[in-house]
């Protein structure tokens, strides 16, 4: 089974089953050696910047209610990043 990397900070140093990893504020969505998701941080309050720029809609959008900042998740065909 897939074990996600997660943590309470941006290090994602813990390895947990998905159902436990979802409880942490930080979780790595791509497996080691593979890229299946492109994630873009929007460090401003315009979460719909992709639409304003005429770009495709993300598969998933996560928004911080306090700051208005968001992350856009685009699913892509898996790519191996190791030799």
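The values are calculated or read from the model by the stated rules, or taken from the named source; none is laboratory data. It should be emphasised that the depicted structure is a prediction, and the values quoted were computed from it without experimental measurement. Here Cβ is always computed from backbone atoms with ideal geometry, including for glycine, and neighbour counts include all displayed protein chains.
A few points about this structure:
- Of all the listed residues (53, 57, 47), the sole one being over 24 Å from residue 31 (Cβ atoms), surrounded by fewer than 12 Cβ atoms within 10 Å (Cβ to Cβ) and either in contact with a strand residue (DSSP E or B) (Cβ under 8 Å, 6 or more places away or on another chain) or modelled with pLDDT of 95 or more (or both) is 57.
- Reported count of residues in the stretch 11-40, each being within 17 Å of residue 80 (Cα to Cα) and in a loop (DSSP other than H, G, I, E, B), is 6.
- Only listed residue being surrounded by 14 or more Cβ atoms within 10 Å (Cβ to Cβ) and at pLDDT 90 or above, chosen from 23, 16: 16
- Selection from the stretch 41-60 of residues that are more than 18 Å from residue 79 (Cα to Cα) and part of a loop (DSSP other than H, G, I, E, B): 43, 44, 45, 46, 47, 48, 53, 54, 55, 56, 57, 58
- Within the stretch 65-78, the set of residues being touching a strand residue (DSSP E or B) at 6+ places or on another chain (Cβ under 7 Å) and over 14 Å from residue 40 (Cβ atoms) comprises 78 only.
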